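First the structure, in the form of structure tokens, and then the observations on it.
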Amino acid sequence: MSDSQQLVSKLVDSVIDQFPVHRGFLEQAVEGATEDERDRLGSYLRFCLSKGLSLEYLAESYLTILGDTLDEQEYFRRHGHYRHSTFADVAESVYHDRDYMDRYMYGLAITTFLWPNHVEMSRFLRRSLPRDRGGRYLEVGPGHGFLLMAAIETGSFDDFLGVDLSPASVEQTRTIVEHFHPDAPVRVELRDFLTADDLAPSSFDAVVMGEVLEHVEQPEVFLRRIADLAKPGAFVFVTTCVNAPAVDHIYLWRTTDELESMISDCGLSIVEPLRLPYEGKTLDQSRDEQLPINVAYVLAKAGA
Ligand SMILES: C[S@@+](CC[C@H](N)C(=O)[O-])C[C@H]1O[C@@H](n2cnc3c(N)ncnc32)[C@H](O)[C@@H]1O
């Protein structure tokens, strides 16, 4: 067994020690991963250990996001809506709570290798990123930094800018990039995308925003701003979710149609959609039973 695979096994063991009923799910997830994905997860774990974190802490971080998501699903089932609907409701308990935000981002990073829909969305980004294009890459809300890493590793952009309003996210993205790609021309800035007024219209060749829209009160403002900042012909990639409660999800779409109408109304057209139903259900069943649907889109500036 390689060093990476051993670390992955140790992480899985640590999660199972703390939450034994998750064993079957985790073993299936690891078995379904490609060798490359297992190696990447192993390298990520090694990087985290080099920062002084322990596998137990990472396992706890993963279980924090899992437990909190299950609690919010229960709330959603009972009440028919997300627990919170304003940014102020979650700002203190999530974005400005350094300890929670750190665990949340480490946990979320691990889900990109273990939760089937998150795995599919990562694969979709890696296969969609243009290989032949230079220019400027912008990412909104990089969080743990994994999408930005995919763009550095797969694309051929000349420079990369990430903007995130959480200090924990900025630190995680900066350190992961510095560790794996110390010479990449990357800037990660602590700022709110909505007030980043100095970004020039039609100046980016790629704009990526993963799992941010459901965290904001007015997703249409984000989508319009992305349409404005993207050059005609730019690669635009956005992921979000429908009926998918989490501690800090505040904007609820009940159908993919509702979400996709919003995208079109904001000056973006859908080039390729990826709509992922709840495990074991079809898209129609997920919609009718109000179960989580994950979505990712390659978009284009409309009219380009
Ligand atoms: C759930 S994480 C997503 C991480 C990663 N992009 C992914 O796809 O898994 C959402 C990130 O968006 C950031 N964020 C939320 N609102 C933002 C805003 N207005 N401007 C910049 N970043 C924002 C959060 O701080 C957090 O790091």
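The values are calculated or read from the model by the stated rules, or taken from the named source; none is laboratory data. Predicted model only: the values in this text are computed from it and were never measured. Glycine gets a Cβ as well: all are built from the backbone with ideal geometry, and neighbour counts include every protein chain shown. Only protein heavy atoms, including side chains, enter the accessible area calculation; ligands, DNA and RNA are left aside. Shrake-Rupley method; radii C 1.70, N 1.55, O 1.52, S 1.80 Å.
Numbers below:
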item: Considering residues of region 283-302 that are of a type in the set (S, T, N, Q) and open to solvent by less than 70 Å² (accessible area, probe 1.4 Å) only, the residue farthest from PHE237 (Cα to Cα); result: SER286
item: Residues that are within 19 Å of ASP205 (Cβ to Cβ) and within 9 Å of the ligand (Cβ to nearest atom), drawn from region 142-161; result: PRO142, LEU147, LEU148
item: Conditions (1) open to solvent by less than 20 Å² (accessible area, probe 1.4 Å); (2) more than 20 Å from the chain's Cα centre (by Cα); (3) within 14 Å of the ligand (Cβ to nearest atom); (4) not polar (S, T, N, Q); number of the one not met by LEU138; result: (2)
item: Some residue of region 4-26 being polar (S, T, N, Q) and surrounded by 16 or more Cβ atoms within 10 Å (Cβ to Cβ); result: yes
item: Failed item, numbered, when ARG126 is tested on (1) out of contact with any helix residue (DSSP H, G or I) (no Cβ under 9 Å at 6 or more places or on another chain); (2) open to solvent by 40 Å² or more (accessible area, probe 1.4 Å); result: (1)
item: Residues that are open to solvent by less than 30 Å² (accessible area, probe 1.4 Å) and farther than 19 Å from ILE65 by Cβ, drawn from region 27-36; result: none
item: Criterion violated by PHE87 - all others in (1) at pLDDT 95 or above; (2) open to solvent by 50 Å² or more (accessible area, probe 1.4 Å) satisfied; result: (1)
item: All positions within region 150-171 that are of a type in the set (Val, Ile, Thr), open to solvent by 10 Å² or more (accessible area, probe 1.4 Å) and modelled with pLDDT of 95 or more; result: ILE152
item: Pair list, Cβ < 7 Å and 6+ apart or interchain, from region 164-191 residues that are closer than 21 Å to VAL94 by Cα and assigned by TED's automatic domain parsing to the domain that holds ARG136 to residues that are basic (Lys, Arg) and not in a loop (DSSP other than H, G, I, E, B); result: PRO167/ARG98; ALA168/ARG98; VAL188/ARG174
item: Members of region 266-275 found to be within 16 Å of the ligand (Cβ to nearest atom) and either buried (at least 20 other Cβ atoms within 10 Å of the Cβ) or at pLDDT below 95 (or both), listed by number; result: none
item: Cβ-Cβ under 7 Å pairs, at least 6 apart or on other chains, region 98-114 side over 16 Å from LEU41 (Cα atoms), far side not in a helix (DSSP H, G or I); result: MET101/SER166
item: Scope region 44-68; condition surrounded by fewer than 16 Cβ atoms within 10 Å (Cβ to Cβ) and of a type in the set (S, T, N, Q); matching residues; result: SER50, SER54
item: Residues located in region 190-219, provided they are more than 13 Å from the ligand (Cβ to nearest atom) and open to solvent by less than 10 Å² (accessible area, probe 1.4 Å); result: PHE204, ALA206
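Rundown of residues vs (1) surrounded by fewer than 19 Cβ atoms within 10 Å (Cβ to Cβ); (2) assigned to a strand (DSSP E or B); (3) on the phi > 0 side of the Ramachandran plot, yes/no style:
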| site | (1), (2), (3) |
| --- | --- |
| VAL221 | yes, no, no |
| ARG224 | yes, no, no |
| ALA234 | no, yes, no |
| ALA244 | no, no, no |
| HIS249 | no, no, no |
| SER264 | yes, no, no |
